[in-house]
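Q: Here you go, one structure.
The values are calculated or read from the model by the stated rules, or taken from the named source; none is laboratory data. Small disclaimer: the values here were computed from a predicted structure and weren't measured. Counting neighbours? That spans all protein chains shown, and the Cβs are built from the backbone with ideal geometry, glycine included.
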Amino acid sequence: MTRLVTTSADDAAQLHRELERALGGGPAIGLGMLGEQPSEVADGTAVVIGTSGSTGIPKRVILSAEALRSGAEATAERIGSGRWLLALPAGYVAGLQVIVRSIVSGTSPVVLDGGFSPRAFAEATLAMLPGGPLFTSLVPAQISTLLDAADDTAVLAALQAYEAILVGGQALPQPVRDRATEVGAKLVRTYGSTETSGGCVYDGIPLNTVAVRVENGELQIAGPMLADGYLGDPALTARTFTRDEHGIRWYRTGDLGIVEDGVVRVHGRADNVIVSGGINISLDRVERIVRAIPGLTGAVVVGVDDAQWGEASVIVVQRGEALRRSESEQLEHARAAVADEIGKPARPARLILVDELATLPSGKPDREAIRRIATELR
């Protein structure tokens, strides 16, 4: 057994040093677990990440040094090696992997201090030039913010400076990706989770050490980057990680999707479903359609109680995102698009404008908080 030492992710330089030791067999790091009693974990463990995701259910994900290194090495094999900009919280797997990738490549990441802004991003990026290939990892909301500021020559130059910008954490709306292509930003859409040591499917193609299959509509992943399980929860570990008849270990993602001609297509969370008028409706699928509409690329779709249908979907969007039509016309546009692709029962019932969309520290939408606001305003 090895000792688990809880630490803060606020000091990226200190975390870098502790992570180097953890990857080399030193004490394991506990992130997002401050205030909890220290404990011991299995030998080979490098990090335990405390996370509740957007569902609010706490988990303690155990990641070995082998898993983290495997993810970083597979990424380098796919997109190349170089210097990384850390612009995400290091206490979450996407930010943590920026540090791991830097360690594996023998470099130190440049840390974006303070709050994220186009000016800060540009200054940090341009200060890294010249110096070989540059990489970073962002969430879609950060990309949208940068694209909105791309008329600033420094921001545009920074976007164009990266060999690849990994984008994950949530679905990347196609209009955002199209805008990025137009300005010369090289985005790579990633899919993965803390349980897979971060993104392990890039632009729909699994990394070379990764296998993806579909069982009863659910995407499952195998590979050396899988977590060992959940600290203190053997039952959840057994439900989430299974072995097939060949002894291959698979992670049950909880996501619905398909694998077609080697390309992984994610349809949404199996548990993010409402029943409206007796019909099951995937809110993730509705949201993807809505986000493809100009003016709604940052929208979040949540389910609320409905007196007539039992449940209904509602579009929530921040006021700062310019609607191309009036609210009623934009809603009708969205309803028509959803009806065309999924069917009339899936049409959103309402569009709600808010001053600010609630987010988790990871940058993902706080869906439960947004749902509560939608319920109150409805």
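Q: Which count do you get for residues in segment 255-275 that are modelled with pLDDT of 85 or more and either exposed (fewer than 14 other Cβ atoms within 10 Å of the Cβ) or in a strand (DSSP E or B) (or both)?
A: 14
Q: Just need a number here: residues in segment 19-33 that are surrounded by 20 or more Cβ atoms within 10 Å (Cβ to Cβ) and among the charged types (D, E, K, R).
A: 0
Q: Is there any pair with a first residue in segment 274-301 that is charged (D, E, K, R) and a second that is at pLDDT below 85 and assigned to a strand (DSSP E or B) whose Cβ atoms are under 9 Å apart and which are 6 or more apart or on different chains, and what are they?
A: Partner pairs satisfying both residue conditions: Asp284/His267; Asp284/Gly268; Asp284/Arg269; Arg285/His267; Arg285/Gly268; Glu287/Gly268; Arg288/His267; Arg288/Gly268.
Q: Would you confirm whether any residue within segment 219-241 is in contact with a Gly (Cβ under 6 Å, 6 or more places away or on another chain), farther than 27 Å from Ser39 by Cα and not assigned by TED's automatic domain parsing to the domain that holds Glu73?
A: Yes: segment 219-241 contains one or more residues that are in contact with a Gly (Cβ under 6 Å, 6 or more places away or on another chain), farther than 27 Å from Ser39 by Cα and not assigned by TED's automatic domain parsing to the domain that holds Glu73.
Q: Which number in (1) modelled with pLDDT of 95 or more; (2) touching a Leu at 6+ places or on another chain (Cβ under 6 Å); (3) surrounded by 21 or more Cβ atoms within 10 Å (Cβ to Cβ) marks the one condition that Val61 misses?
A: (2)
Q: Okay, next question. Could you tell me whether any residue of segment 251-258 is under 20 Å from Gly71 (Cβ atoms), among the basic types (Lys, Arg), in contact with a helix residue (DSSP H, G or I) (Cβ under 7 Å, 6 or more places away or on another chain) and free of Cβ contacts under 8 Å to residues at least 40 places away in the same chain?
A: Yes, segment 251-258 contains at least one residue that is under 20 Å from Gly71 (Cβ atoms), among the basic types (Lys, Arg), in contact with a helix residue (DSSP H, G or I) (Cβ under 7 Å, 6 or more places away or on another chain) and free of Cβ contacts under 8 Å to residues at least 40 places away in the same chain.
Q: Looking at this structure, is Thr145 polar (S, T, N, Q) and free of Cβ contacts under 8 Å to residues at least 12 places away in the same chain?
A: No; evaluated as a whole, the condition is false for this residue.
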